[in-house]
Amino acid sequence: MDDLEDARKKRFEELQRKQSEASQQAQMQAEADQQLNAVLKKFLTEDAMERLGNVKLVNRRLYDAASQAIIYLAQNGLNAKIDGLQVKAVLERLSHKRETKITRK
């Protein structure tokens, strides 16, 4: 019975360690998101932030790419705040959607 208890104890400790690591990683991700939002708020209007937030809920990869593109634009001399239409244009360029054309014979 001692072996079984030792195995259970080791497994429990391993699960606790994994949970702790996951918690730390989630906390680091949350801090990075807060920093990114703070930077984006400097360069985007409220409408643009809302649009970008909606994209974040639906497509995280597109959100990451768009936010990096917006930060790049801002660092390279963009003086005015970016509005919702400009964010929409950036998103359209990054989305790479193909239009399907159906022809009937």
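For the chain, the longest principal axis of the Cα atoms and the long axis of helix 2-43 meet at an angle of about 20 degrees. First select every other residue whose beta carbon is under 14 angstrom from the beta carbon of Arg8; then total the charges, Lys and Arg +1, Asp and Glu -1. My count for the surroundings of Arg8 gives -3.
The tail of the calculated P(r) for the chain, taken as Cα-Cα distances beyond 24 Å, holds 48 percent of the pairs. Leu57 sits among other residues whose Cβ lies under 14 Å from its own Cβ, and their net charge, with Lys and Arg +1 and Asp and Glu -1, is +1. Projecting the Cα atoms of Gln24, Leu40, Asn54 onto the charge dipole of the chain, computed from C-beta unit charges around the Cα centre, puts Asn54 farthest toward the positive end.
Here the simple spin-label model places points 7 Å from the Cα toward Cβ, and for Lys18 and Asp83 these points are separated by 5.1 nm. Compute the signed sum of charges (Lys and Arg +1, Asp and Glu -1) over the other residues within less than 12 Å, Cβ to Cβ, of Ser20. Result for the local shell: -1.
Rounded to the nearest 500, the helix-only mean residue ellipticity at 222 nm of the chain stands at -27500 deg cm²/dmol, with each DSSP H run of n ≥ 4 adding -39,500 (n - 2.57).
When +1 charges are put on Lys and Arg Cβ atoms and -1 charges on Asp and Glu Cβ atoms, the dipole computed for the chain relative to its Cα centre reaches about 940 debye.
A short reminder: the numbers here are calculations on the coordinates, not readings from a lab. The structure displayed is predicted, hence computed values, not measured ones. Every residue, glycine as well, gets a Cβ built from its backbone with ideal geometry; the counts of neighbours run over all protein chains shown.
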